[in-house]
Amino acid sequence: MEASEKAAKQYLTFELAHETFAVDVARVREILDFISITKVPRTPDFMRGVINLRGSVVPVVDMKLKFGMEETEKTVDTCIIVLEVAIEGETTIVGALADSVEEVLELEPDQIEPPPRIGMKLNIDFISGMGKLGEKFVIILDTDKIFTFEEAAALQEAGEADVA
């Protein structure tokens, strides 16, 4: 193993339906308060639409719908996490709706276990590990594996759409 693989990594933690999820902080561009989302016709259900981010069209995904949960309801804590996602070797910017953002935390490699093979409600292909924080677990997502090829194509097309 290389020394870099043994080093602690920082993760942004956020909440979806009372569960704590995390993404590599290096993939996070910014965190936005909930803003108006323009619906795009004929896109997957989990894609809520697009936002105008300083002149760029950014598709917004409801992570709870993507993971088979109830649709995200707007609250004072609801936010959009703007992520860099690799799709077919290209970096695509995607907004991910979250119930709330919690904190940036550092996890050592020995605090991360592989995801369990049974008993998970989620498709575990896009879970890179389970972080241990005392008695609590954090589900660490692999942002590059969250979307299938077809879903990624829909996101890219939405990101190339014109927003007035």
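Answer yes or no: is there a residue in the range 52-69 that is open to solvent by less than 40 Å² (accessible area, probe 1.4 Å) and more than 22 Å from residue 144 (Cβ to Cβ). No, there is no match, as no residue in the range 52-69 is open to solvent by less than 40 Å² (accessible area, probe 1.4 Å) and more than 22 Å from residue 144 (Cβ to Cβ). Name the single residue, out of those in the range 129-147 being small (Gly, Ala, Ser) and at pLDDT 90 or above, that is surrounded by the fewest Cβ atoms within 10 Å (Cβ to Cβ). Applying the filter and picking the extreme gives 129. Only one entry of 77, 110 meets the criterion of being modelled with pLDDT of 95 or more, of a type in the set (Asp, Glu) and either more than 23 Å from residue 9 (Cβ to Cβ) or exposed (fewer than 15 other Cβ atoms within 10 Å of the Cβ) (or both), and that entry is 77.
Looking at the range 148-162, which of the residues that are at pLDDT below 70 and acidic (Asp, Glu) is least open to solvent (accessible area, probe 1.4 Å)? Ranking the qualifying residues of the range 148-162, first place goes to 150. Tell me which residues, restricted to the range 5-42, are open to solvent by less than 50 Å² (accessible area, probe 1.4 Å), hydrophobic (A, V, I, L, M, F, W, C) and in a strand (DSSP E or B). Correct list: 12, 14, 16, 21, 22, 23, 28, 32. Going through the range 29-51 one residue at a time, which ones are over 20 Å from residue 151 (Cα atoms) and of a type in the set (A, V, I, L, M)? Selection gives 31, 32, 35.
The values are calculated or read from the model by the stated rules, or taken from the named source; none is laboratory data. Source: prediction; values computed, not measured. Here Cβ is always computed from backbone atoms with ideal geometry, including for glycine, and neighbour counts include all displayed protein chains. When the accessible area is computed, the model is the full protein with side chains, heavy atoms only, and any ligands, DNA or RNA have been set aside. Shrake-Rupley method; radii C 1.70, N 1.55, O 1.52, S 1.80 Å.
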